[in-house]
Amino acid sequence: MRLTDASVAIRPRSPWEALDLGILLARRHAGLLMASWALVTLPVFALLSLLLWNHSGWAILLFWWLKPAFERLPLYILSRALFDDTPTLKQALRAFPGLLRNQLLPSLLWRRASPTRSFDLPVLQLEGLKGQARSQRLVVLGQRNAGSATWLTVIGMHFESALWLGLTVLLYLLLPQQWVADWKWQSLISLADGEWAWLEHVSNLLYALILVVWEPVYVACGFTLYLNRRTELEAWDIELVLRRLRQRLIGSAYALLLVVACLAPLPGASVWAADSPGHSCPLPDQNPNGPQAPRLQNQVLNSEQSRHAAEAILAAPPFRNSETVTRWRLNDPAKDKPSKEDEQSLKRFFEALGHWKAFRYIAQIIEVLLWGALLTVVALLVWRYREWLRLFAGRIGLPQSPRREVPSVLFGLELAPETLPSDVASEAERLWDEQPRAALGLLYRALLSRLLHDFRVPLRDSTTEGEVLARVETLDNPPLDSFARTLTLHWQALAYGHRTPQAGLKQELCEQWRSLFGNEVRA
(Lines give C-alpha, C1' and ligand atoms only; values in the text may rest on other atoms or scores of the structure.)
Protein backbone atom coordinates (compact mmCIF):
# COMPACT_ATOMS: atom_id res chain seq x y z
CA MET A 1 0.00 0.00 0.00
CA ARG A 2 1.61 3.24 -1.21
CA LEU A 3 0.00 6.35 0.24
CA THR A 4 1.38 8.47 -2.59
CA ASP A 5 -0.80 6.55 -5.06
CA ALA A 6 -4.05 7.28 -3.18
CA SER A 7 -6.80 8.70 -5.38
CA VAL A 8 -8.24 10.78 -2.51
CA ALA A 9 -6.70 13.36 -0.22
CA ILE A 10 -5.26 11.62 2.86
CA ARG A 11 -6.00 13.83 5.86
CA PRO A 12 -7.91 13.59 9.16
CA ARG A 13 -11.63 14.20 8.75
CA SER A 14 -14.66 14.30 10.97
CA PRO A 15 -16.74 11.09 10.94
CA TRP A 16 -19.53 12.70 8.91
CA GLU A 17 -17.05 14.08 6.39
CA ALA A 18 -15.59 10.57 6.09
CA LEU A 19 -19.09 9.27 5.31
CA ASP A 20 -19.43 11.91 2.57
CA LEU A 21 -16.10 10.73 1.16
CA GLY A 22 -17.45 7.17 1.08
CA ILE A 23 -20.47 8.28 -0.94
CA LEU A 24 -18.24 10.09 -3.43
CA LEU A 25 -15.93 7.08 -3.70
CA ALA A 26 -18.88 4.77 -4.37
CA ARG A 27 -20.25 7.17 -6.97
CA ARG A 28 -16.87 7.34 -8.76
CA HIS A 29 -16.86 3.54 -9.23
CA ALA A 30 -20.63 3.08 -9.31
CA GLY A 31 -20.71 1.12 -12.57
CA LEU A 32 -18.20 -1.51 -11.48
CA LEU A 33 -19.66 -1.83 -7.97
CA MET A 34 -23.27 -2.17 -9.10
CA ALA A 35 -22.46 -4.58 -11.93
CA SER A 36 -20.36 -6.87 -9.72
CA TRP A 37 -22.97 -6.83 -6.95
CA ALA A 38 -25.78 -7.64 -9.38
CA LEU A 39 -23.88 -10.49 -11.05
CA VAL A 40 -23.16 -12.11 -7.68
CA THR A 41 -26.38 -11.52 -5.71
CA LEU A 42 -29.19 -11.72 -8.26
CA PRO A 43 -28.47 -15.36 -9.23
CA VAL A 44 -28.46 -16.27 -5.53
CA PHE A 45 -31.77 -14.46 -5.08
CA ALA A 46 -33.26 -16.26 -8.07
CA LEU A 47 -32.12 -19.65 -6.74
CA LEU A 48 -33.59 -18.98 -3.28
CA SER A 49 -36.87 -17.81 -4.81
CA LEU A 50 -37.18 -20.97 -6.92
CA LEU A 51 -36.35 -23.29 -4.02
CA LEU A 52 -38.73 -21.49 -1.63
CA TRP A 53 -41.43 -20.43 -4.07
CA ASN A 54 -44.28 -21.02 -1.60
CA HIS A 55 -42.33 -19.41 1.25
CA SER A 56 -41.30 -16.00 -0.09
CA GLY A 57 -40.70 -14.63 3.40
CA TRP A 58 -38.03 -17.24 4.12
CA ALA A 59 -36.43 -16.61 0.74
CA ILE A 60 -35.94 -12.88 1.33
CA LEU A 61 -34.84 -13.52 4.93
CA LEU A 62 -32.09 -15.91 3.80
CA PHE A 63 -31.02 -13.46 1.08
CA TRP A 64 -30.83 -10.65 3.65
CA TRP A 65 -28.86 -12.89 6.03
CA LEU A 66 -26.19 -13.49 3.37
CA LYS A 67 -25.39 -9.78 2.96
CA PRO A 68 -22.11 -9.93 4.97
CA ALA A 69 -20.76 -12.47 2.48
CA PHE A 70 -21.70 -10.29 -0.50
CA GLU A 71 -20.20 -7.15 1.10
CA ARG A 72 -16.66 -8.49 0.74
CA LEU A 73 -16.69 -7.96 -3.03
CA PRO A 74 -17.33 -4.14 -2.95
CA LEU A 75 -14.65 -3.77 -0.27
CA TYR A 76 -12.16 -5.63 -2.46
CA ILE A 77 -12.90 -3.32 -5.39
CA LEU A 78 -12.76 -0.12 -3.29
CA SER A 79 -9.52 -1.09 -1.51
CA ARG A 80 -7.84 -1.64 -4.89
CA ALA A 81 -9.38 1.41 -6.55
CA LEU A 82 -8.31 3.72 -3.72
CA PHE A 83 -4.66 3.21 -4.63
CA ASP A 84 -5.11 3.54 -8.38
CA ASP A 85 -5.31 -0.21 -9.04
CA THR A 86 -8.97 -0.59 -10.00
CA PRO A 87 -9.71 -4.20 -10.99
CA THR A 88 -11.81 -5.11 -13.97
CA LEU A 89 -15.18 -6.79 -13.59
CA LYS A 90 -13.69 -10.13 -14.57
CA GLN A 91 -10.87 -9.81 -12.04
CA ALA A 92 -13.29 -8.88 -9.26
CA LEU A 93 -15.60 -11.83 -9.95
CA ARG A 94 -12.62 -14.19 -10.14
CA ALA A 95 -11.34 -12.97 -6.74
CA PHE A 96 -14.72 -13.23 -4.99
CA PRO A 97 -14.58 -16.98 -4.06
CA GLY A 98 -11.22 -16.46 -2.39
CA LEU A 99 -12.65 -13.64 -0.27
CA LEU A 100 -15.15 -16.04 1.33
CA ARG A 101 -12.52 -18.30 2.88
CA ASN A 102 -11.66 -16.02 5.78
CA GLN A 103 -14.04 -16.31 8.79
CA LEU A 104 -17.25 -16.61 6.78
CA LEU A 105 -19.21 -18.55 9.42
CA PRO A 106 -18.53 -16.04 12.26
CA SER A 107 -19.62 -13.25 9.91
CA LEU A 108 -22.92 -15.03 9.25
CA LEU A 109 -23.56 -16.21 12.84
CA TRP A 110 -22.70 -14.24 15.98
CA ARG A 111 -21.26 -11.20 14.14
CA ARG A 112 -24.27 -10.87 11.81
CA ALA A 113 -26.17 -8.50 14.11
CA SER A 114 -23.17 -6.22 14.79
CA PRO A 115 -24.14 -2.56 14.19
CA THR A 116 -20.53 -1.75 13.20
CA ARG A 117 -20.30 -4.47 10.54
CA SER A 118 -19.13 -2.18 7.73
CA PHE A 119 -16.46 -0.64 10.00
CA ASP A 120 -15.19 -4.04 11.23
CA LEU A 121 -15.02 -5.71 7.82
CA PRO A 122 -11.72 -4.05 6.68
CA VAL A 123 -9.99 -5.36 9.82
CA LEU A 124 -11.03 -8.90 8.91
CA GLN A 125 -10.49 -8.75 5.16
CA LEU A 126 -7.66 -6.25 4.63
CA GLU A 127 -5.62 -6.79 7.80
CA GLY A 128 -6.45 -10.50 8.11
CA LEU A 129 -6.70 -10.41 11.92
CA LYS A 130 -8.59 -12.97 13.97
CA GLY A 131 -9.15 -13.92 17.59
CA GLN A 132 -7.66 -11.75 20.33
CA ALA A 133 -5.66 -9.62 17.88
CA ARG A 134 -8.84 -8.73 15.99
CA SER A 135 -10.68 -7.82 19.20
CA GLN A 136 -7.85 -5.58 20.43
CA ARG A 137 -7.59 -3.91 17.02
CA LEU A 138 -11.33 -3.19 16.96
CA VAL A 139 -11.17 -1.71 20.46
CA VAL A 140 -8.46 0.72 19.35
CA LEU A 141 -10.15 1.64 16.07
CA GLY A 142 -13.62 1.94 17.59
CA GLN A 143 -12.74 4.48 20.28
CA ARG A 144 -13.97 7.40 18.15
CA ASN A 145 -15.74 6.15 14.99
CA ALA A 146 -17.80 3.24 16.35
CA GLY A 147 -20.75 5.54 17.05
CA SER A 148 -20.75 6.84 13.47
CA ALA A 149 -20.58 3.29 12.13
CA THR A 150 -23.56 2.34 14.29
CA TRP A 151 -25.56 5.31 13.03
CA LEU A 152 -24.60 4.36 9.48
CA THR A 153 -26.14 0.91 10.01
CA VAL A 154 -29.28 2.27 11.68
CA ILE A 155 -29.88 4.92 9.02
CA GLY A 156 -29.07 2.46 6.24
CA MET A 157 -31.59 -0.03 7.62
CA HIS A 158 -34.33 2.61 7.66
CA PHE A 159 -33.28 3.83 4.20
CA GLU A 160 -33.58 0.31 2.78
CA SER A 161 -36.99 -0.17 4.41
CA ALA A 162 -38.28 3.17 3.13
CA LEU A 163 -37.15 2.48 -0.44
CA TRP A 164 -38.56 -1.05 -0.37
CA LEU A 165 -41.89 0.12 0.98
CA GLY A 166 -42.06 2.95 -1.57
CA LEU A 167 -41.28 0.70 -4.54
CA THR A 168 -43.75 -1.91 -3.29
CA VAL A 169 -46.48 0.72 -3.11
CA LEU A 170 -45.51 1.91 -6.60
CA LEU A 171 -45.77 -1.68 -7.85
CA TYR A 172 -49.24 -1.92 -6.35
CA LEU A 173 -50.31 1.33 -7.98
CA LEU A 174 -49.06 0.11 -11.37
CA LEU A 175 -51.24 -3.00 -11.34
CA PRO A 176 -53.85 -3.04 -14.11
CA GLN A 177 -57.15 -1.42 -13.20
CA GLN A 178 -59.22 -4.48 -14.10
CA TRP A 179 -57.38 -6.46 -11.43
CA VAL A 180 -58.27 -4.07 -8.63
CA ALA A 181 -61.69 -2.88 -9.78
CA ASP A 182 -63.41 -5.54 -7.69
CA TRP A 183 -61.28 -4.92 -4.52
CA LYS A 184 -61.78 -8.57 -3.61
CA TRP A 185 -58.60 -9.85 -5.21
CA GLN A 186 -56.65 -9.32 -1.98
CA SER A 187 -58.20 -12.44 -0.48
CA LEU A 188 -56.53 -14.48 -3.21
CA ILE A 189 -53.08 -13.72 -1.79
CA SER A 190 -53.72 -15.96 1.20
CA LEU A 191 -54.73 -18.97 -0.94
CA ALA A 192 -52.61 -22.04 -0.41
CA ASP A 193 -52.25 -22.85 -4.11
CA GLY A 194 -49.69 -20.04 -4.55
CA GLU A 195 -51.41 -18.47 -7.53
CA TRP A 196 -50.50 -14.98 -6.34
CA ALA A 197 -47.12 -15.85 -4.84
CA TRP A 198 -45.38 -14.28 -7.82
CA LEU A 199 -46.46 -10.84 -6.56
CA GLU A 200 -44.59 -11.33 -3.29
CA HIS A 201 -41.52 -12.52 -5.18
CA VAL A 202 -41.67 -9.42 -7.34
CA SER A 203 -41.76 -7.36 -4.14
CA ASN A 204 -38.71 -9.27 -2.90
CA LEU A 205 -36.98 -8.61 -6.23
CA LEU A 206 -37.43 -4.88 -5.63
CA TYR A 207 -35.48 -5.25 -2.37
CA ALA A 208 -32.69 -7.13 -4.18
CA LEU A 209 -32.51 -4.32 -6.76
CA ILE A 210 -32.38 -1.70 -3.99
CA LEU A 211 -29.32 -3.45 -2.55
CA VAL A 212 -27.61 -3.24 -5.95
CA VAL A 213 -27.62 0.55 -5.54
CA TRP A 214 -27.37 1.03 -1.78
CA GLU A 215 -25.15 -1.75 -0.47
CA PRO A 216 -21.93 -0.58 -2.25
CA VAL A 217 -22.51 2.86 -0.73
CA TYR A 218 -22.89 1.29 2.73
CA VAL A 219 -19.64 -0.67 2.35
CA ALA A 220 -17.80 2.39 0.98
CA CYS A 221 -18.88 4.56 3.93
CA GLY A 222 -17.68 1.96 6.43
CA PHE A 223 -14.39 1.66 4.54
CA THR A 224 -13.75 5.43 4.59
CA LEU A 225 -14.54 5.52 8.33
CA TYR A 226 -11.89 2.83 8.78
CA LEU A 227 -9.38 4.79 6.64
CA ASN A 228 -10.09 7.98 8.55
CA ARG A 229 -9.42 6.27 11.88
CA ARG A 230 -6.16 4.78 10.61
CA THR A 231 -5.14 8.21 9.30
CA GLU A 232 -5.61 9.63 12.80
CA LEU A 233 -3.80 6.80 14.57
CA GLU A 234 -0.89 6.33 12.18
CA ALA A 235 -0.50 9.97 11.02
CA TRP A 236 -0.69 9.16 7.32
CA ASP A 237 -1.04 12.85 6.44
CA ILE A 238 2.23 13.73 8.22
CA GLU A 239 3.98 10.84 6.46
CA LEU A 240 2.80 12.11 3.08
CA VAL A 241 4.00 15.65 3.84
CA LEU A 242 7.42 14.35 4.86
CA ARG A 243 7.68 12.27 1.69
CA ARG A 244 6.76 15.24 -0.52
CA LEU A 245 9.25 17.43 1.38
CA ARG A 246 11.99 14.87 0.82
CA GLN A 247 11.22 14.74 -2.90
CA ARG A 248 11.26 18.53 -3.12
CA LEU A 249 14.58 18.74 -1.29
CA ILE A 250 16.12 16.13 -3.54
CA GLY A 251 14.88 17.98 -6.64
CA SER A 252 16.10 21.33 -5.26
CA ALA A 253 19.52 19.86 -4.55
CA TYR A 254 19.90 18.79 -8.18
CA ALA A 255 18.78 22.23 -9.39
CA LEU A 256 21.18 23.94 -6.97
CA LEU A 257 24.09 21.86 -8.24
CA LEU A 258 23.17 22.76 -11.81
CA VAL A 259 23.06 26.49 -10.99
CA VAL A 260 26.40 26.34 -9.19
CA ALA A 261 27.94 24.59 -12.19
CA CYS A 262 26.59 27.24 -14.55
CA LEU A 263 27.77 30.16 -12.39
CA ALA A 264 31.26 28.84 -11.87
CA PRO A 265 33.93 31.39 -13.11
CA LEU A 266 35.25 30.52 -16.54
CA PRO A 267 38.84 31.27 -17.73
CA GLY A 268 39.24 34.82 -19.08
CA ALA A 269 35.94 36.06 -17.65
CA SER A 270 37.62 38.99 -15.92
CA VAL A 271 39.29 40.05 -19.20
CA TRP A 272 35.96 40.11 -21.00
CA ALA A 273 34.46 42.19 -18.25
CA ALA A 274 37.29 44.76 -18.47
CA ASP A 275 37.05 45.13 -22.26
CA SER A 276 33.28 45.67 -22.41
CA PRO A 277 32.17 49.30 -22.11
CA GLY A 278 29.75 50.23 -19.34
CA HIS A 279 26.13 50.65 -20.37
CA SER A 280 22.99 51.19 -18.27
CA CYS A 281 19.87 49.08 -18.72
CA PRO A 282 17.56 50.79 -21.23
CA LEU A 283 14.06 51.74 -20.04
CA PRO A 284 11.16 49.94 -21.68
CA ASP A 285 8.81 51.84 -23.88
CA GLN A 286 6.00 53.60 -22.03
CA ASN A 287 2.67 51.75 -22.13
CA PRO A 288 0.19 53.85 -24.19
CA ASN A 289 -2.72 52.47 -22.22
CA GLY A 290 -1.17 52.92 -18.78
CA PRO A 291 -2.27 55.29 -16.05
CA GLN A 292 -0.21 58.15 -17.56
CA ALA A 293 -1.86 57.89 -20.98
CA PRO A 294 -3.15 61.21 -22.47
CA ARG A 295 -6.69 59.88 -22.88
CA LEU A 296 -6.91 59.27 -19.13
CA GLN A 297 -5.40 62.65 -18.24
CA ASN A 298 -8.05 64.57 -20.23
CA GLN A 299 -11.09 62.43 -19.14
CA VAL A 300 -13.93 64.07 -17.16
CA LEU A 301 -15.02 61.95 -14.15
CA ASN A 302 -18.77 61.25 -14.24
CA SER A 303 -20.22 60.76 -10.75
CA GLU A 304 -23.24 58.79 -12.02
CA GLN A 305 -21.05 56.32 -13.86
CA SER A 306 -18.69 55.97 -10.91
CA ARG A 307 -21.62 55.30 -8.56
CA HIS A 308 -23.01 52.58 -10.84
CA ALA A 309 -19.57 51.04 -11.15
CA ALA A 310 -19.11 51.02 -7.37
CA GLU A 311 -22.57 49.46 -6.87
CA ALA A 312 -21.78 46.78 -9.45
CA ILE A 313 -18.54 45.94 -7.66
CA LEU A 314 -20.29 45.76 -4.25
CA ALA A 315 -23.07 43.58 -5.67
CA ALA A 316 -20.59 40.98 -6.92
CA PRO A 317 -18.58 38.47 -4.85
CA PRO A 318 -16.82 38.61 -2.49
CA PHE A 319 -18.85 41.57 -1.14
CA ARG A 320 -22.22 39.90 -1.69
CA ASN A 321 -22.99 36.20 -2.09
CA SER A 322 -26.50 35.22 -3.03
CA GLU A 323 -27.86 31.86 -1.88
CA THR A 324 -30.95 29.99 -2.98
CA VAL A 325 -32.67 28.08 -0.15
CA THR A 326 -35.23 25.38 -0.93
CA ARG A 327 -37.39 24.03 1.88
CA TRP A 328 -40.65 22.25 2.47
CA ARG A 329 -43.76 24.13 3.54
CA LEU A 330 -47.27 23.11 4.46
CA ASN A 331 -49.97 23.57 1.87
CA ASP A 332 -53.05 25.59 2.48
CA PRO A 333 -55.75 23.06 3.51
CA ALA A 334 -58.50 25.27 2.11
CA LYS A 335 -56.92 25.32 -1.36
CA ASP A 336 -55.61 21.73 -1.41
CA LYS A 337 -58.60 19.92 0.03
CA PRO A 338 -58.71 16.38 -1.42
CA SER A 339 -61.75 15.28 -3.37
CA LYS A 340 -64.09 12.53 -2.27
CA GLU A 341 -62.72 10.24 -4.98
CA ASP A 342 -59.21 10.67 -3.61
CA GLU A 343 -60.41 9.94 -0.10
CA GLN A 344 -62.19 6.80 -1.24
CA SER A 345 -59.14 5.67 -3.23
CA LEU A 346 -56.89 6.22 -0.23
CA LYS A 347 -59.31 4.34 2.00
CA ARG A 348 -59.46 1.40 -0.39
CA PHE A 349 -55.67 1.45 -0.67
CA PHE A 350 -55.17 1.07 3.10
CA GLU A 351 -57.84 -1.61 3.23
CA ALA A 352 -55.93 -3.48 0.53
CA LEU A 353 -52.72 -3.22 2.56
CA GLY A 354 -54.56 -4.82 5.47
CA HIS A 355 -55.13 -7.96 3.40
CA TRP A 356 -51.48 -8.29 2.40
CA LYS A 357 -49.65 -10.77 4.64
CA ALA A 358 -46.27 -9.05 4.41
CA PHE A 359 -47.64 -5.75 5.71
CA ARG A 360 -49.52 -7.49 8.50
CA TYR A 361 -46.27 -9.11 9.64
CA ILE A 362 -44.44 -5.80 9.44
CA ALA A 363 -47.18 -4.09 11.48
CA GLN A 364 -47.04 -6.80 14.13
CA ILE A 365 -43.26 -6.56 14.37
CA ILE A 366 -43.43 -2.78 14.71
CA GLU A 367 -46.13 -3.10 17.38
CA VAL A 368 -44.01 -5.56 19.38
CA LEU A 369 -40.96 -3.29 19.11
CA LEU A 370 -42.95 -0.24 20.23
CA TRP A 371 -44.44 -2.05 23.23
CA GLY A 372 -41.02 -3.40 24.13
CA ALA A 373 -39.51 0.09 23.90
CA LEU A 374 -42.30 1.51 26.08
CA LEU A 375 -41.87 -1.17 28.76
CA THR A 376 -38.09 -0.69 28.68
CA VAL A 377 -38.45 3.08 29.18
CA VAL A 378 -40.88 2.55 32.07
CA ALA A 379 -38.53 0.04 33.71
CA LEU A 380 -35.55 2.40 33.32
CA LEU A 381 -37.54 5.28 34.85
CA VAL A 382 -38.62 3.15 37.79
CA TRP A 383 -35.03 2.01 38.34
CA ARG A 384 -33.65 5.53 37.96
CA TYR A 385 -36.05 7.06 40.50
CA ARG A 386 -36.42 4.04 42.81
CA GLU A 387 -35.24 5.99 45.87
CA TRP A 388 -37.77 8.75 45.25
CA LEU A 389 -40.55 6.17 44.72
CA ARG A 390 -39.65 4.43 47.97
CA LEU A 391 -39.78 7.75 49.81
CA PHE A 392 -43.06 8.66 48.11
CA ALA A 393 -44.60 5.29 49.05
CA GLY A 394 -43.64 5.83 52.67
CA ARG A 395 -45.19 9.30 52.78
CA ILE A 396 -48.58 8.29 51.40
CA GLY A 397 -48.79 5.29 53.73
CA LEU A 398 -48.38 2.43 51.24
CA PRO A 399 -47.32 -0.90 52.77
CA GLN A 400 -43.58 -1.44 52.57
CA SER A 401 -41.43 -4.47 53.17
CA PRO A 402 -40.50 -4.65 56.85
CA ARG A 403 -36.90 -3.83 57.65
CA ARG A 404 -34.79 -6.52 59.21
CA GLU A 405 -34.15 -5.82 62.87
CA VAL A 406 -30.48 -6.11 63.76
CA PRO A 407 -30.04 -7.77 67.16
CA SER A 408 -27.95 -5.80 69.62
CA VAL A 409 -27.18 -8.77 71.91
CA LEU A 410 -26.32 -12.32 70.81
CA PHE A 411 -25.18 -15.17 73.10
CA GLY A 412 -25.20 -12.58 75.88
CA LEU A 413 -22.60 -10.45 74.04
CA GLU A 414 -22.97 -6.77 73.10
CA LEU A 415 -22.65 -6.46 69.31
CA ALA A 416 -22.94 -2.69 68.76
CA PRO A 417 -19.77 -1.35 67.07
CA GLU A 418 -19.47 1.51 69.54
CA THR A 419 -19.08 -0.98 72.44
CA LEU A 420 -15.86 -2.41 70.96
CA PRO A 421 -12.40 -0.97 71.58
CA SER A 422 -10.60 0.93 68.87
CA ASP A 423 -7.94 -1.82 68.49
CA VAL A 424 -9.52 -5.21 69.14
CA ALA A 425 -6.37 -7.31 68.60
CA SER A 426 -4.21 -5.20 70.94
CA GLU A 427 -6.88 -5.22 73.66
CA ALA A 428 -7.22 -9.01 73.35
CA GLU A 429 -3.44 -9.43 73.71
CA ARG A 430 -3.48 -7.27 76.82
CA LEU A 431 -6.27 -9.30 78.46
CA TRP A 432 -5.05 -12.76 77.34
CA ASP A 433 -2.54 -13.55 80.11
CA GLU A 434 -4.73 -12.51 83.07
CA GLN A 435 -8.27 -12.87 81.63
CA PRO A 436 -8.28 -15.38 78.73
CA ARG A 437 -12.07 -15.70 78.87
CA ALA A 438 -12.49 -11.95 78.41
CA ALA A 439 -9.94 -11.93 75.57
CA LEU A 440 -11.64 -14.75 73.66
CA GLY A 441 -15.04 -13.21 74.37
CA LEU A 442 -13.85 -9.88 72.98
CA LEU A 443 -12.59 -11.51 69.75
CA TYR A 444 -15.79 -13.55 69.32
CA ARG A 445 -17.99 -10.53 70.04
CA ALA A 446 -16.04 -8.40 67.54
CA LEU A 447 -16.36 -11.19 64.94
CA LEU A 448 -20.15 -11.35 65.37
CA SER A 449 -20.36 -7.54 65.11
CA ARG A 450 -18.38 -7.55 61.88
CA LEU A 451 -20.55 -10.31 60.40
CA LEU A 452 -23.71 -8.48 61.38
CA HIS A 453 -22.84 -4.93 60.32
CA ASP A 454 -20.14 -5.27 57.64
CA PHE A 455 -21.03 -8.52 55.86
CA ARG A 456 -24.81 -8.18 56.44
CA VAL A 457 -25.11 -11.76 57.66
CA PRO A 458 -28.72 -12.30 58.88
CA LEU A 459 -28.30 -13.24 62.54
CA ARG A 460 -31.11 -13.59 65.03
CA ASP A 461 -31.39 -14.05 68.77
CA SER A 462 -32.03 -17.76 68.25
CA THR A 463 -29.01 -18.32 65.97
CA THR A 464 -26.54 -20.91 67.27
CA GLU A 465 -22.79 -21.01 66.85
CA GLY A 466 -23.09 -23.75 64.23
CA GLU A 467 -25.57 -21.71 62.20
CA VAL A 468 -23.18 -18.74 62.35
CA LEU A 469 -20.39 -20.92 60.90
CA ALA A 470 -22.72 -22.23 58.16
CA ARG A 471 -23.60 -18.68 57.10
CA VAL A 472 -19.96 -17.60 57.17
CA GLU A 473 -19.21 -20.47 54.78
CA THR A 474 -21.71 -19.02 52.27
CA LEU A 475 -19.67 -15.79 52.06
CA ASP A 476 -17.01 -17.63 49.98
CA ASN A 477 -14.17 -16.15 52.04
CA PRO A 478 -11.76 -18.99 53.04
CA PRO A 479 -9.55 -16.92 55.42
CA LEU A 480 -12.60 -15.59 57.27
CA ASP A 481 -14.15 -19.07 57.40
CA SER A 482 -10.97 -20.59 58.84
CA PHE A 483 -10.63 -17.85 61.46
CA ALA A 484 -14.28 -18.12 62.48
CA ARG A 485 -14.06 -21.92 62.92
CA THR A 486 -10.87 -21.74 65.00
CA LEU A 487 -12.18 -18.93 67.20
CA THR A 488 -15.61 -20.57 67.68
CA LEU A 489 -14.02 -23.92 68.61
CA HIS A 490 -11.83 -22.43 71.34
CA TRP A 491 -14.60 -20.10 72.53
CA GLN A 492 -16.96 -23.06 73.02
CA ALA A 493 -14.22 -25.07 74.76
CA LEU A 494 -13.64 -22.21 77.19
CA ALA A 495 -17.24 -21.09 77.67
CA TYR A 496 -18.84 -24.52 78.04
CA GLY A 497 -15.94 -26.86 78.83
CA HIS A 498 -13.88 -24.42 80.98
CA ARG A 499 -10.71 -25.45 79.14
CA THR A 500 -8.02 -22.77 79.13
CA PRO A 501 -6.67 -22.00 75.60
CA GLN A 502 -3.05 -22.71 74.73
CA ALA A 503 -0.45 -19.97 75.07
CA GLY A 504 0.45 -19.90 71.37
CA LEU A 505 -3.18 -19.37 70.37
CA LYS A 506 -3.05 -15.71 71.38
CA GLN A 507 -0.54 -14.71 68.72
CA GLU A 508 -2.25 -16.83 66.04
CA LEU A 509 -5.75 -15.40 66.56
CA CYS A 510 -4.60 -11.79 66.90
CA GLU A 511 -2.48 -11.95 63.74
CA GLN A 512 -5.38 -13.48 61.80
CA TRP A 513 -7.67 -10.71 63.05
CA ARG A 514 -5.25 -8.01 61.89
CA SER A 515 -4.87 -9.64 58.47
CA LEU A 516 -8.65 -9.80 58.06
CA PHE A 517 -9.88 -6.53 59.57
CA GLY A 518 -6.86 -4.40 60.43
CA ASN A 519 -6.68 -2.43 63.64
CA GLU A 520 -9.64 -0.09 63.20
CA VAL A 521 -13.20 -0.72 64.33
CA ARG A 522 -16.30 0.16 62.28
CA ALA A 523 -18.16 3.02 63.95
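The values are calculated or read from the model by the stated rules, or taken from the named source; none is laboratory data. Keep in mind it's a predicted model, so treat the numbers as computed, not measured. Counting neighbours? That spans all protein chains shown, and the Cβs are built from the backbone with ideal geometry, glycine included. Note: areas computed on protein heavy atoms with side chains; ligands, DNA, RNA excluded. Shrake-Rupley method; radii C 1.70, N 1.55, O 1.52, S 1.80 Å.
List of remarks:
- For the range 452-487, a residue qualifies if it is open to solvent by less than 10 Å² (accessible area, probe 1.4 Å) and in contact (Cβ under 8 Å) with a residue 24 or more places away in the chain, and the qualifying residues are L452, L459, T463, L480, F483, A484, L487.
- Close pairs from the range 425-442: first within 13 Å of L505 (Cα to Cα) and open to solvent by less than 50 Å² (accessible area, probe 1.4 Å), partner at pLDDT below 80 and of a type in the set (V, I, T), Cβ under 8 Å, at least 6 apart: P436/T500
- Single unsatisfied condition, Q91 versus (1) at pLDDT below 90; (2) crowded, with 17+ Cβ neighbours inside 10 Å; (3) farther than 16 Å from R28 by Cβ: (2)
- When residues of the range 94-107 are limited to those that are in contact (Cβ under 8 Å) with a residue 24 or more places away in the chain and under 18 Å from G131 (Cβ atoms), the one surrounded by the most Cβ atoms within 10 Å (Cβ to Cβ): S107
- Qualifying residue in the range 512-521 (condition: touching a Lys or Arg at 6+ places or on another chain (Cβ under 9 Å), assigned to a helix (DSSP H, G or I) and closer than 16 Å to L448 by Cβ): yes
- Test: residue in the range 10-30 that is small (G, A, S), surrounded by fewer than 20 Cβ atoms within 10 Å (Cβ to Cβ) and at pLDDT 90 or above: no
- Filter result (free of Cβ contacts under 8 Å to residues at least 24 places away in the same chain and within 18 Å of A358 (Cα to Cα)) within the range 143-173: M157, H158, S161, A162, L165, G166, V169, L170, L173
- Sole exception among (1) closer than 15 Å to V219 by Cα; (2) open to solvent by 70 Å² or more (accessible area, probe 1.4 Å); (3) of a type in the set (D, E, K, R) for R80, by number: (2)
- Matching residues in the range 121-136 - criterion: being buried (at least 19 other Cβ atoms within 10 Å of the Cβ) and without any contact (Cβ under 8 Å) to a residue 24 or more places away in the chain: L124
- Taken over the range 150-174, the criterion of being farther than 30 Å from L138 by Cβ and open to solvent by 90 Å² or more (accessible area, probe 1.4 Å) is satisfied by L173, L174.
- The single condition among (1) under 30 Å from L175 (Cβ atoms); (2) at pLDDT 75 or above; (3) hydroxyl-bearing (S, T, Y); (4) over 45 Å from the mean Cα position of the chain (by Cα) that T419 does not satisfy is (1).
Residues checked against (1) in a loop (DSSP other than H, G, I, E, B); (2) open to solvent by 100 Å² or more (accessible area, probe 1.4 Å); (3) modelled with pLDDT under 75:
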position	(1), (2), (3)
Q286	yes, yes, yes
P291	yes, yes, yes
L296	no, no, yes
V300	yes, yes, yes
R307	no, yes, no
A312	no, no, no
E323	yes, yes, no
R327	yes, yes, no
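- When restricted to residues that are modelled with pLDDT of 80 or more and open to solvent by 80 Å² or more (accessible area, probe 1.4 Å), the range 499-523 contains 5.
- Some residue of the range 382-395 being under 50 Å from the mean Cα position of the chain (by Cα), open to solvent by 50 Å² or more (accessible area, probe 1.4 Å), modelled with pLDDT under 70 and of a type in the set (D, E, K, R): yes
- Checking F455 against (1) within 18 Å of G518 (Cβ to Cβ); (2) of a type outside the set (K, R); (3) over 45 Å from the mean Cα position of the chain (by Cα), the condition it does not meet: (3)
- All conditions in (1) of a type in the set (S, T, N, Q); (2) modelled with pLDDT of 70 or more; (3) under 28 Å from P458 (Cβ atoms) hold for S408, with the sole exception of (2).
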